[in-house]
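K.L.:
Have a look at the structure that comes next, please.
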There are 2 protein chains.
Amino acid sequence: MTTRALCERFGIEFPLFAFSHCRDVVAAVTNAGGFGVLGATAYTPEQLDRELSWIDEHVHGKPYGADIIVPATFEGKGEGLSRTQLADRIPMEYRDFVTDLLVAHGIEADSTPRLGGSALTGDTGRELLDVAMSHPIALIANALGVPPDYMIEAGRERGIPVAALVGAKEHAVKQVAAGVDLIVAQGTEAGGHCGEVTTLVLVPEVLDAIDGAVPVLAAGGIVTGRQMAAAVAMGADGAWTGSVWLTTEEAETASHTKQKMLTATSRDAVRSAGRTGKPSRQLKSDWTDAWLPKPGGRQPLPLPLQSMLSERVLRRIDVLADQGHPGAQQLATYFVGQGVGLMTKVKPARDVVLEFVEDYLAAAHRLGDSLT
Amino acid sequence: MTTRALCERFGIEFPLFAFSHCRDVVAAVTNAGGFGVLGATAYTPEQLDRELSWIDEHVHGKPYGADIIVPATFEGKGEGLSRTQLADRIPMEYRDFVTDLLVAHGIEADSTPRLGGSALTGDTGRELLDVAMSHPIALIANALGVPPDYMIEAGRERGIPVAALVGAKEHAVKQVAAGVDLIVAQGTEAGGHCGEVTTLVLVPEVLDAIDGAVPVLAAGGIVTGRQMAAAVAMGADGAWTGSVWLTTEEAETASHTKQKMLTATSRDAVRSAGRTGKPSRQLKSDWTDAWLPKPGGRQPLPLPLQSMLSERVLRRIDVLADQGHPGAQQLATYFVGQGVGLMTKVKPARDVVLEFVEDYLAAAHRLGDSLT
């Protein structure tokens, strides 16, 4: 497929896909000619319905999508456990480790581990999917592993393309065989869950491996139009982005963390399993340091136990950090990729899209002129 | 600077720089319109003189360069130690660890740790530089840290540009301040010594940070023309490559290792300090596994002690592996980047250059056509 064909297929002007947990970002990107994708996993089905209804009202029929994390395997899968029963699988020494870390940073410990809204218990993944499918979404994405059959079938029935994120060419081949319609080849520099191979190597590797079977978006580290152009020059059909939206005006990123991101360099985005149990890239902080593999250090728990241990606590930390609590500020972190080193200003999401286009075109000219 | 201006400045047709320890590769790339750079560190001054004389005879005045590793700091620096005295600093438990590893793989241990030809004792770095400067080289590069003053001064005196490899934007700024004429921004996917930031992020970060002060070559993972085009689209003036030459017909890569490289995926190129004492990317093997950080594992020794422990042993292993020794084949490894996943055929170095050009031009057309 070509970039142009992809744009026609998705009804967009510019093949820039924007993953965000913030509905305002999703709508702004879609309205600016790109394609917004709402990260849905943290919502309950009711919340997701409200968010998508809001987007429907604001995009006036322009295309957008939803992203749900339904990993192939996770602790307690298929056992029909309640959230409390799942929480019981978190060893006491891990709870104590978190309590001690908080206390060492002057924060009173109060929270028992628990899941927020999540696709990782019972049938929530399927319920979220049903809600998403009841809206006019133009893409459904699964961010971790091969999408479950019910997602691929539901997409096929309703003519909604299913996308999957991959970090290795072997996974891309498996996803195509499973019936996925769009591959997002995401390099290790990406924020959130990521593999080991860099975008510059992974994209041509995936393109070679799947040999045109489905379109491929490049992801990982892409926060400027010139990087997107680089990916298209290598043969990608477009770009999938996430981190760059975290410092937009619309983003609901905690203020302190947003400020940290604006001054961070690429080396401040570290890969660690200490937030979800699977390796993901995050802003370096005392929290990420505490979960580094080291003698006497704690091995993170499997998904979703590690998230249950961390998510609620980290949200409290965000609130305290924004109130000026110094210990909380040292602990505060959020998922972000190495591209954070290039994110230096808060901008409206619409401006980010327009700058991407401009920078992309300049890069295309630079390359075209380079050897004439 | 533009790509064209860089080509004019270096007297080349295509801004593809090829680092190799093999004089045949250096000459072939230079003769094909690129720029060959001989890795000189492993040679004695006398050997280097012979290699460069051979290149002089074969390139007929076309430009080439030399690369010497002179790190700013290393064990024993300035202490005037003999190689034997330096070897005495390797703890007995480390020698035993290597012996045990060999024996576990059915290899008789015989060797005492020692340095081969190296710039890391006494004044060898300066001697190698003097030899290089006595040949008509058009570039001198330092692959690790800020080049010593004597290298920058010698380059200035003779009008030979000095290049330095960097893995972080802060290092690029420092190098420019020290008087370096050309920055090689090398991403974490590179073979050999490498930092943590990927090429796709590092290149724009470095370009922004040094703001046109000197030209910038992109390095790390680049084994095809489309990846080189990606780097130029982002603003790099050209590409610096290494791994791709290891599977050329001319390369002196051990046969068994060359075969391993042809079937390896990008994830088989792992970053570890277990060969030289500083993190470098190498082909995964029982050797690299043995030096992984783990409870009870050995922390690698500082440069050059770890090289003294590994280099000579690994050369013996290569010989045994090529003779069909199964244990040696499990241990055999060599420096290579993630681009190894895209290296699937043995080709003459000249063909690699020509394919780079063709692939680069196709990528430029693809990007140019993408949005019209």
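The values are calculated or read from the model by the stated rules, or taken from the named source; none is laboratory data. Computed from a predicted structure; not experimentally measured. Backbone-built Cβ (ideal geometry, glycine too); neighbour counts: all protein chains shown.
K.L.:
Within 14 Å of chain A (Cβ to nearest Cβ) and more than 21 Å from the chain's Cα centre (by Cα), is that true of B:Leu361?
P.N.:
Numbers: within 14 Å of chain A (Cβ to nearest Cβ): yes; more than 21 Å from the chain's Cα centre (by Cα): yes.
So B:Leu361 fits the description; yes.
K.L.:
Just to be sure I understand, how many residues within segment A:171-211 are surrounded by fewer than 24 Cβ atoms within 10 Å (Cβ to Cβ), away from every other protein chain (no Cβ under 12 Å), in contact (Cβ under 8 Å) with a residue 12 or more places away in the chain and assigned to a helix (DSSP H, G or I)?
P.N.:
Of the residues in segment A:171-211, 4 are surrounded by fewer than 24 Cβ atoms within 10 Å (Cβ to Cβ), away from every other protein chain (no Cβ under 12 Å), in contact (Cβ under 8 Å) with a residue 12 or more places away in the chain and assigned to a helix (DSSP H, G or I).
K.L.:
In segment A:262-281, how many are crowded, with 22+ Cβ neighbours inside 10 Å and within 14 Å of another protein chain (Cβ to nearest Cβ)?
P.N.:
3
K.L.:
Please go through segment A:336-358 and give me each residue that is more than 8 Å from every other protein chain (Cβ to nearest Cβ) and either surrounded by fewer than 21 Cβ atoms within 10 Å (Cβ to Cβ) or over 17 Å from A:Trp240 (Cβ atoms) (or both), ordered by number.
P.N.:
Answer for segment A:336-358, where residues must be more than 8 Å from every other protein chain (Cβ to nearest Cβ) and either surrounded by fewer than 21 Cβ atoms within 10 Å (Cβ to Cβ) or over 17 Å from A:Trp240 (Cβ atoms) (or both): A:Thr344, A:Lys345, A:Val346, A:Lys347, A:Pro348, A:Arg350, A:Asp351, A:Leu354, A:Glu355, A:Val357, A:Glu358.
K.L.:
Looking at B:Leu301, B:Leu246, B:Leu292, which one is of a type in the set (A, V, I, L, M, F, W, C) and surrounded by fewer than 22 Cβ atoms within 10 Å (Cβ to Cβ)? Full working, then the answer.
P.N.:
Working: B:Leu301 fails: surrounded by fewer than 22 Cβ atoms within 10 Å (Cβ to Cβ); B:Leu246 fails: surrounded by fewer than 22 Cβ atoms within 10 Å (Cβ to Cβ).
Exactly one residue qualifies, and that residue is B:Leu292.
K.L.:
So, one more: Residues that are within 25 Å of B:His171 (Cα to Cα): which strands (runs of 3 or more DSSP E) entirely in segment A:222-290 hold 1 or more of them?
P.N.:
Working: elements: A:238-241, A:269-272, A:280-283.
Those strands (runs of 3 or more DSSP E) span A:269-272, A:280-283.
K.L.:
Could you identify the single residue in A:Phe35, A:Phe97 that is surrounded by fewer than 21 Cβ atoms within 10 Å (Cβ to Cβ), of a type in the set (Phe, Trp, Tyr) and either under 22 Å from A:Glu311 (Cβ atoms) or in contact (Cβ under 8 Å) with a residue 24 or more places away in the chain (or both)? So that I can check it myself, show each step before the final result.
P.N.:
Numbers: A:Phe35 fails: surrounded by fewer than 21 Cβ atoms within 10 Å (Cβ to Cβ).
Residue meeting the stated conditions: A:Phe97.
K.L.:
Restricting the search to segment B:205-223, which residues are in contact with a Lys or Arg (Cβ under 6 Å, 6 or more places away or on another chain), of a type outside the set (D, E, K, R) and farther than 21 Å from B:Ala18 by Cβ? Full working, then the answer.
P.N.:
Of segment B:205-223, the ones in contact with a Lys or Arg (Cβ under 6 Å, 6 or more places away or on another chain) are B:205-206, B:209.
Subsequent filtering for residues that are of a type outside the set (D, E, K, R) retains B:206, B:209.
Passing the criteria: only B:Ala209.
K.L.:
Out of the residues in segment A:212-221 that are more than 7 Å from chain B (Cβ to nearest Cβ) and either part of a strand (DSSP E or B) or under 20 Å from the mean Cα position of the chain (by Cα) (or both), state the one that is farthest from B:Ala190 (Cα to Cα).
P.N.:
Step one: list which residues in segment A:212-221 are more than 7 Å from chain B (Cβ to nearest Cβ), which gives A:212-220.
Filter once more, so that each one left must be either part of a strand (DSSP E or B) or under 20 Å from the mean Cα position of the chain (by Cα) (or both): A:215-220.
Values: A:Pro215: 27, A:Val216: 24, A:Leu217: 23, A:Ala218: 20, A:Ala219: 19, A:Gly220: 17 Å.
Ranking the qualifying residues of segment A:212-221, first place goes to A:Pro215.
K.L.:
I'm trying to understand the selection: among the residues of segment B:38-68, which are among the hydrophobic types (A, V, I, L, M, F, W, C), within 21 Å of B:Glu311 (Cβ to Cβ) and out of contact with any strand residue (DSSP E or B) (no Cβ under 7 Å at 6 or more places or on another chain)?
P.N.:
Taking segment B:38-68 first, the residues among the hydrophobic types (A, V, I, L, M, F, W, C) are B:38, B:40, B:42, B:48, B:52, B:54-55, B:59, B:66, B:68.
Those still in the list that are within 21 Å of B:Glu311 (Cβ to Cβ) too: B:38, B:40, B:42, B:48, B:66, B:68.
Within segment B:38-68, B:Ala42, B:Leu48 qualify.
K.L.:
Let me ask something additional. Looking at the structure I just gave you, is B:Pro302 within 14 Å of another protein chain (Cβ to nearest Cβ), modelled with pLDDT under 95 and not in a helix (DSSP H, G or I)? Show your work before the answer.
P.N.:
Working: within 14 Å of another protein chain (Cβ to nearest Cβ): no; modelled with pLDDT under 95: yes; not in a helix (DSSP H, G or I): yes.
In short, no.
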